[in-house]
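**Q** Mind looking over this structure? Questions follow.
The values are calculated or read from the model by the stated rules, or taken from the named source; none is laboratory data. Since the structure is predicted, the reported quantities are computational estimates derived from the model, not experimental observations. Every residue, glycine as well, gets a Cβ built from its backbone with ideal geometry; the counts of neighbours run over all protein chains shown.
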Amino acid sequence: MSDTSIENRKPELVRLPAEDLRSNEAVQALLSDPLPTVVAMVTAALASGRQDVILGGGRLVQAILKGRTLKFFGEQLNDLLKKGKIREDYAETKYGFPSLVELMTAIDSDATDEDKLRAAKAMFVALNAPNAPESEAQLRYQLLRLVLKLTGSQLVLLGACFTLFKRRAFGTDNQRTAVQWLEVVGNLIGHRVYPLIELDEQVLAQNGIISDRTYSDRSGVLNLNTARLTELGIKLGELIETYSPDLER
């Protein structure tokens, strides 16, 4: 096979990078390009030794990711409104516009944590859904703000605990150790790097989402019948699971 045919099969990399990749026009042009093309163009510009890219390469890729994430959220929001998944006058409610500000601020500050943003979007829908009880508005807004304090891996751990709770995985057995809880959770999450799980476990416990460990050596756990989820954790897990499907387009 000739070198020419190989070149023809590569992604669209023939378009030369803009004179100034840091410019607003260049960033806007890259928002709609396939991500492999964007990465290839930025990589080529870095490899060429271009001073503008070397000095501002990190800011450039952050701006591209942030722009793509905001653009996608705008499309999701428009779709949610069209399908009646959120109320048309949500911005006029007490927590509607503040929740939009909170969510867009999160995207602006860290667009890389997809698991966190997905959970936060689900809580945004939960707060602004047409059928959302007015009596729960403040609660749901507080839960949205709680989600924004967490990381994606901590929310994955919450989701795993909620799945185990629904399955009644531990039955009524409250005699298991923390290590046994870690083993079950690790199997569900997909890894057994327990120190990482324990870091997230501590944060969830500090925020009242799961029960803390017991005994002086912290070898015991409580509330295994709910996979250690507290009432707060169960409510949060229910809302995220209920409203996440609305984000599908």
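**Q** Return the residues of the stretch 176-200 that are touching a residue at least 24 places away in the same chain (Cβ under 8 Å) and not in a helix (DSSP H, G or I); say none if nothing qualifies.
**A** 176, 177
**Q** When you scan the stretch 205-240, how many residues do you find that are part of a loop (DSSP other than H, G, I, E, B), within 20 Å of residue 171 (Cα to Cα) and out of contact with any Cys (no Cβ under 7 Å at 6 or more places or on another chain)?
**A** Result for the stretch 205-240: 7.
**Q** With respect to residue 228, determine if the residue is more than 22 Å from residue 125 (Cβ to Cβ), touching a residue at least 60 places away in the same chain (Cβ under 8 Å), among the charged types (D, E, K, R) and buried (at least 17 other Cβ atoms within 10 Å of the Cβ).
**A** So residue 228 passes the test.
**Q** Give the residue, chosen from 132, 169, that is under 15 Å from residue 226 (Cα atoms), part of a loop (DSSP other than H, G, I, E, B) and more than 21 Å from the chain's Cα centre (by Cα). Let's see the steps before the verdict.
**A** On the way: 132 fails: under 15 Å from residue 226 (Cα atoms).
Sole residue among the options that is under 15 Å from residue 226 (Cα atoms), part of a loop (DSSP other than H, G, I, E, B) and more than 21 Å from the chain's Cα centre (by Cα): 169.
**Q** Still on this model: Go through the stretch 148-206 and give me each residue that's of a type in the set (D, E, K, R) and surrounded by fewer than 17 Cβ atoms within 10 Å (Cβ to Cβ).
**A** Listed by number, the residues that qualify are 149, 166, 167, 168, 173, 176, 183, 192, 198.
**Q** Looking at this structure, is residue 214 surrounded by fewer than 17 Cβ atoms within 10 Å (Cβ to Cβ) and at pLDDT 95 or above?
**A** When the stated conditions are applied, residue 214 does not pass them.
**Q** Would you mention how many residues in the stretch 83-116 are under 11 Å from the mean Cα position of the chain (by Cα), surrounded by 16 or more Cβ atoms within 10 Å (Cβ to Cβ) and part of a loop (DSSP other than H, G, I, E, B)?
**A** Final tally of qualifying residues: 3.
**Q** Being over 23 Å from residue 142 (Cα atoms) and touching a Gly at 6+ places or on another chain (Cβ under 9 Å) is the filter here, so list the residues in the stretch 199-226 that pass it.
**A** 213, 214, 224, 225
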